[in-house]
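Colleague: I'd like to ask you about the structure that follows.
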Amino acid sequence: MSQGGAVITSSLMPTYARLPVRFTRGEGAWLWDTDGKKYLDGISGIGVCSLGHAHPTIAKVIREQSGHLLHTSNLYEIPYQSQLADALTRLLMSQSDPDPIPPRVFFCNSGTEANEAAIKIARMYAHHKGIGSPKIVVTEGAFHGRTLGALSATGNPNLQIGFEPLLPGFLRVPFNDSAAITAIADNPDIVAVLVEPIQGEGGVIIPDDQYLQATRDICDRHDWLMILDEVQTGMGRTGRWFAWQHSSGAVPDVMMLAKALGNGIPIGACLARGRAVDVLTPGTHGSTFGGNPLACRVALTVVDIMEKEGIVEHAERMGHELHSALASALLSKSVISEVRGSGLMIGIKFNRSCGELVKRALERGLLINVTVDDVLRLLPPLIIEEREARRIVQTIAELVDEFFTER
Ligand code: PLP
C-alpha cells in the first residue's frame with residue numbers, strides 16, 4: 001500500500017487490495033480519516049453498519065456488557081443467546097402461519113460460517129433420509145463465502161481457482177431460472193436448493209418476482225430444503241426484514257444472517273424451521289465463540305433499535321428515493337445501462353469497467369464499491385437521510401461525467 005508516495009510495508013498477508021485511506025472515527029453515515037477528512041459512507045463496511053457508526057446505544061451496551069461478561073463458551077447457558085434466537089425466529093415467522101414446531105437458531109461468527117451450518121444441515125437431512133451422496137442445487141454468480149464448503153457453493157470460478165479439489169455435492173444452475181432446477185429435479189440425490197434472494201457480490205442481480213416462490217414450490221414437491229442466504233440482504237437491507245418477504249409465501253426452511261446483525265460486532269446466525277428444525281443434535285455442530293454474550297446482546301439491541309425506530313420502513317422509503325433520484329440523474333448517460341436494486345441495496349450497471357470510480361469517489365469523500373467490474377454497488381447505512389442520499393446522487397453523477405468524458 002502506498003500513501004503520500006511512501007510505501008507502507010506490513011506483515012499482513014496480501015489478501016486484500018486496500019484503498020490508501022485509514023479511518024479513525026465515525027458517526028452515523030460519516031467517517032473521518034487520519035487527516036480529519038470526512039467521508040460519506042455509501043457501503044457501510046459491506047452492508048454491516050446499517051445503524052451507522054458509533055451508535056450511542058450500541059456503544060453503551062458494548063461498554064456495559066464488556067464490564068460484566070464477554071465470553072463463557074457454549075458449555076453453559078447464555079440467556080442473551082436464547083433471547084436473540086426468540087427475536088429472530090419471531091421476525092422469521094412474522095408474515096407466515098405459525099409453525100407447529102417453533103424455528104431454531106444456531107449462532108456463529110460470520111456469514112461464511114452460517115452457510116457452513118446450512119450445508120451441514122442439508123447433508124445431515126439427506127443422511128436421515130438415507131441419501132449417502134447428497135447434492136445441493138446452487139447458482140451461477142452466487143457468493144456464499146470463502147471457507148471450503150461455502151466457497152464450493154459459490155458460483156464464481158475466479159475465487160475457486162487454486163483451491164481445488166472443492167467440496168463435492170453441489171449442482172449448479174443459472175440464477176433466476178426455476179425451469180433449470182425443474183430440469184434436474186429427477187436426480188434422487190438432491191436434498192436442497194441454496195440461493196441468495198438477490199445476488200450481492202454477483203452484481204446486485206434481482207430475480208423475477210416469481211423466482212423464489214417457484215423455487216419454494218419445487219422444494220415442497222420434492223421434499224427438499226429451501227435454503228436462503230440472507231447474509232447481505234437480511235436485517236432490513238431491502239426494505240423488509242428479509243428479502244424473501246417481498247414474496248411472502250417463499251418462507252425458507254433454512255436462512256442465514258450475518259453482516260448487519262451485529263452492526264460491526266461479528267455474529268452470524270443459521271435459522272431452521274419445519275423439517276430442518278431438529279436436524280442438528282447435540283455434538284453435531286459447534287463454535288467456541290458463536291453466540292457469546294457480547295455479540296448476542298449487541299444483536300438484540302440492533303433488533304430492538306430497528307423495531308422501535310422503524311428502520312426497515314425508513315430503509316424502504318429511502319431506497320425508493322435514492323433509487324429514483326439515481327435513475328433520473330444517471331439513466332440518460334450513455335455509459336450507464338441500468339439502475340437496479342431493492343431498498344438500500346442498489347447496483348448501477350455500466351456498459352464498461354467502472355472500478356476506477358471507487359478511487360475517484362474516495363477523493364471526493366464518498367465510499368462506494370464496484371462488483372463484477374461494471375456494477376457500482378451502494379449499501380449505505382439504513383439510517384441515511386435525504387440530504388445524504390442527495391449527496392450520493394450528486395457525487396456519482398459528477399464523477400461519471402468527469403471520468404467518462406475525460407476518456
Ligand atoms: N453470503 C453472502 C450473500 C455474502 O454477501 C457474504 C459476504 O459478502 C457471505 C455470505 C460471507 O460472509 P462473511 O464475509 O461474513 O463470511
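Computed from the coordinates by the stated procedures, all read-outs in this text should not be read as laboratory data. This one's a predicted model, so the numbers in the text were calculated from it and none came from an experiment. Note that each Cβ is placed from the backbone with ideal geometry, even for glycine, and that neighbours are counted across all protein chains shown.
Colleague: Which one, G28, G290, G130, has the greatest fluctuation when you compute a Gaussian network model over the chain with C-alpha springs under 10 angstrom?
Modeller: G130
Colleague: So if each residue of separation counts as 0.36 nm, and I subtract the Cα-Cα distance between S133 and E356, what length gain in nm does that give?
Modeller: 75.8 nm
Colleague: Ranked by Cβ crowding within 10 angstrom, fewest neighbours first, how are K129, K135 ordered?
Modeller: Ordered from fewest to most neighbouring Cβ atoms within 10 Å, K129, K135 come out as K129, K135.
Colleague: Shifting gears a bit: Local charge sum around T233 (other residues, Cβ-Cβ under 12 Å, Lys/Arg +1, Asp/Glu -1)?
Modeller: Here the count lands on -1.
Colleague: Provide the percentage of antiparallel DSSP beta bridges, counting only those with both residues in the chain; round to the nearest 5.
Modeller: 65
Colleague: Please report the antiparallel percentage of DSSP beta bridges with both residues in region 69-309, rounded to the nearest 5.
Modeller: Of all bridge pairs located within region 69-309, approximately 40 percent are antiparallel.
Colleague: Sort M255, M235, M318 so the one with the fewest other Cβ atoms within 10 Å of its own Cβ comes first.
Modeller: By the 10 Å Cβ count, ascending: M318, M255, M235.
Colleague: If you don't mind, another one. Would you compute, from DSSP H runs of 4+ residues alone, the mean residue ellipticity of the chain at 222 nm, taking -39500 (n - 2.57) per run and dividing by the full residue count, rounded to the nearest 500?
Modeller: Values: 12 runs with 142 residues, N = 407.
After summing the helix terms and dividing by residue count, I get -11000 deg cm²/dmol.
Colleague: Moving to a separate point now. Counting Lys and Arg as +1 and Asp and Glu as -1, each charge on the Cβ, what is the dipole of the chain about the Cα centre in debye, to the nearest 20? Please report the intermediate quantities before stating the final value.
Modeller: Details: 37 positive and 45 negative charges, 155 e Å.
My answer is approximately 740 debye.
Colleague: Right, here's the next one. Which whole-Hz couplings ³J(HN,Hα) result when phi for each residue of region 292-298 is put into the Karplus expression 6.51 cos²θ - 1.76 cosθ + 1.60, θ = phi - 60°, listed in order with x for Gly and Pro?
Modeller: Per residue, the Karplus-derived 3J(HN,Hα) values read 6, x, 5, 4, 5, 5, 5 Hz.
Colleague: Taking the Cβ of I78 as the center, what net charge do the other residues with Cβ under 15 Å away carry, scoring Lys and Arg +1 and Asp and Glu -1?
Modeller: 0
Colleague: Then there's this: In region 210-244, what trypsin sites (Lys or Arg not before Pro) fall in a loop by DSSP, with at most 14 other Cβ atoms inside 10 Å? List each step's numbers first, then the result.
Modeller: Working: sites: R216, R221, R237, R240; in loops: R237, R240.
Those that pass, being in a loop and sparsely packed, number zero.
Colleague: Cα centroids of region 387-405 and region 251-292: how far apart, whole angstrom?
Modeller: Using only Cα atoms, the two centres lie 39 Å from each other.
Colleague: OK, next. If we count other beta carbons within 10 Å of each Cβ, what is the order of W224, W244, W30, fewest first?
Modeller: W30, W224, W244
Colleague: Quick one: putting +1 on the C-beta of Lys and Arg, -1 on the C-beta of Asp and Glu, what dipole do you get for region 161-290 around its Cα centre, in Debye to the nearest 20?
Modeller: The calculation lands at about 420 debye.
Colleague: Let me ask another. Counting only C-alpha contacts under 8 Å and six or more residues apart, can you give the relative contact order of region 69-309 as a whole percent?
Modeller: On the way: 443 pairs, mean separation 71.0, N = 241.
Reported as a whole number, the value is 29 percent.
Colleague: Something else about it: Defining a contact as two alpha carbons under 8 Å apart and six or more residues distant in sequence, what relative contact order in percent does the chain show?
Modeller: Relative contact order comes out at 22 percent.
Colleague: Rule-of-thumb check for region 69-309: C-alpha Rg over 2.2 N^0.38 Å?
Modeller: 0.95
Colleague: Lysines near K60 by alpha-carbon distance under 28 Å, same-chain residues fewer than 8 away left out - which ones?
Modeller: Of all the lysines, those that pass the test against K60 - Cα under 28 Å, at least 8 places apart if same chain - are K37, K38, K259, K308.
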